[in-house]
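What follows draws every value from the coordinates through simple rules; no lab data is involved. Keep in mind that this is a model prediction, so the values were computed, not measured. For neighbour counting, all protein chains shown are included, and Cβ atoms are generated from backbone atoms with ideal geometry for every residue, glycine included.
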Amino acid sequence: MENYEAFIAFVVNVVFVTLLGWYLITNLQWYDYKLERVILKHHKPHWHILYFIIPLVAYYTTDRFFPIFFIFAVVPAIFIWYKRLDKKLVLTWRVKRFLILLISLTLFQDILCTLKDACGIYGVMMPLVLAYIGSTLIEKFLFKVYKKEAKKKLQSMQDLQIICITGSYGKTSIKNFVAQILANKYNVYATPRSVNTIGGIIADVNNNLNEDIEIYICEAGARQRGDIYEITTFLEPQTVVVGRVGEAHIEYFKTLENIIRTKLEIMQSPRLEHAYIHTSVTDEPHEKVTFFGDEIKDVKASLEGTDFTLEFDGEELHLHTDVLGAFQTMNIAVAVRIAKDFGMSSEAIQKAVAKLQPVDHRLQLIKAGGKIILDDGYNGNIDGMLEAVRLCSTHEGRKVIVTPGLVESSETLNLQLIDAINDVFDIAIVTGSLNADLFIKNLNVKNKILLTDKAALTEVLANQTKAGDIILFANDAPNFI
């Protein structure tokens, strides 16, 4: 009987530690593997209490009854929690290394305790702490190795032109527009999706950048001072862009001035030849800087596309694009300026702009079942969301918005968004709990619906919408936010 109970305790401990490790690494992956962000900046800190602290306390206080609590409470709770996540753990090699190390340490501890009969109860925190520290040291070592390899590869491509783009808003759109236009003349490669961290860029260089590429385009994101500088000194881009700057990620930077200073770290590239800076960032003249944003005029933006004129260097360039949103003219404008400096003619640029494809989930228009869907799920800034609202206002049928509001932003900007929604929409579906109280209190539409679980969204839309409606998906924060 004692051997049976000891075996059960052994198995339960290994599985329990693994589940806690799974919870930990999932949260670390969401927050860029920064433990301090998981602890201090988590959007739903009560999850830590429910899925980590309470099970841990129960493990040390319920003694031989814990296996029952574990099987009937802990396992179902974590299973249901994970199943409902819309951003699940991606089993990267970093995650696999952590889990392998954690399980190995747990087995080693438990086997040693059993053989030596030295433990009244198998430990939980020790293997977790050692696995976290050990995996962190391994990743730092591998990061240096991969970074050195990537740097060597970039240095070997002596004719490679590198364009690096930062800003609070529009980085991915600018990157894609520059890539699409320059691809008409050059062999171009741009980082995929929203890869914009130093780790992601290093992996991209090592794994995806072919040696026949003439122009490499990437974006640089930041959560703290020094992030842009690290990317800049690694890539050493000849051409840099600082797009529109605003209060995105204000909770990390505290002030707009800190955000601007961080974005301008991109100017410290050792090989800088030309910088394009939006007028919202600074007006300080510099011999290598071209300001953009004020050369746009005669903008006509509708659900059918966007027409506008660019006026610079004594020339007027009349452009049309199927890309939606007046704010996108700013992103296209800097792409046009870069194309000009890379030797493309005005006629070639006009043709390229006319063929531009929208970035997925950024004012992407889809028609389905007689409904118009405006997918702006990857847009999280106030200007873009207000433009999406304005476009919806031009639709003659009913108007529906699905949104969690602005994330990592201020209450003032969320109230501005709410006012715009009240003026336009018939139905507002608020997803998630982050801004729920603010929205439910201030929304004044015919029908407002709060969805704490986005799993029910498909059913709600089926019941609440009909042919002829326009449905705007404005921002799509994962449900851990």
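Here are some notes:
- Averaging the sequence gap over all C-alpha pairs within less than 8 Å and six or more residues apart, then dividing by the number of residues, gives the stretch 157-354 a relative contact order of 21 percent.
- Across q = 0.15, 0.19, 0.22 Å⁻¹, the stretch 2-141 modelled as identical point scatterers on its alpha-carbon atoms has Debye log10 I(q)/I(0) values of -0.77, -1.20, -1.49, in the order of the q list.
- Cysteines in the chain lacking any other cysteine Cβ under 4.7 Å from their own Cβ: Cys164, Cys218, Cys392.
- Residue-averaged [θ]222 nm for the chain, counting only DSSP H segments that reach four residues, each worth -39500 (n - 2.57): -14500 deg cm²/dmol
- Percent of beta bridges antiparallel (DSSP, the chain, rounded to nearest 5): 30
- Cβ-to-Cβ counts within 10 Å put Glu411, Glu211, Glu387 in ascending order as Glu211, Glu411, Glu387, the fewest first.
- Contact order relative to length of the chain, as percent, for alpha carbon pairs under 8 angstrom and 6 or more apart: 12
- A cut-off of 5 Å between modelled amide H atoms, ignoring neighbours fewer than 5 places along the same chain, links Ile162 with Tyr216, Gln238, Thr239.
- With the cut-off at under 16 Å, measuring from each backbone N in the stretch 134-155 to a point 7 Å along the Cα-to-Cβ line of Phe108 picks out 134-139.
- Partner aspartates and glutamates whose Cα lies under 20 Å from the Cα of Lys152, excluding those fewer than 8 positions away in the same chain, are identified as Glu139, Asp204, Glu211, Asp212, Glu214, Glu230, Glu236.
- Peptides ranked, highest mean first, by Cβ atoms within 10 Å: ranges 168-175, 63-70, 11-18, 120-127: 168-175, 11-18, 120-127, 63-70
- Cα gyration tensor shape for the stretch 56-114, rounded if a/c is under 1.5, else prolate or oblate: oblate
- Degrees between helix 125-156 axis and first principal axis of the chain (Cα, 0 to 90, nearest 10): 30
- Shape category assigned to the chain from the gyration tensor of Cα positions, a/c cut at 1.5: oblate
- Rounded if a/c under 1.5, otherwise prolate or oblate - the stretch 364-474, Cα gyration tensor axes: prolate
- 0 to 90° range, to nearest 10: angle between helix 382-393 axis and the chain longest Cα axis: 70
- Only Lys, Arg (+1) and Asp, Glu (-1) charged, at Cβ; the stretch 242-366 dipole about Cα centre in debye: 400
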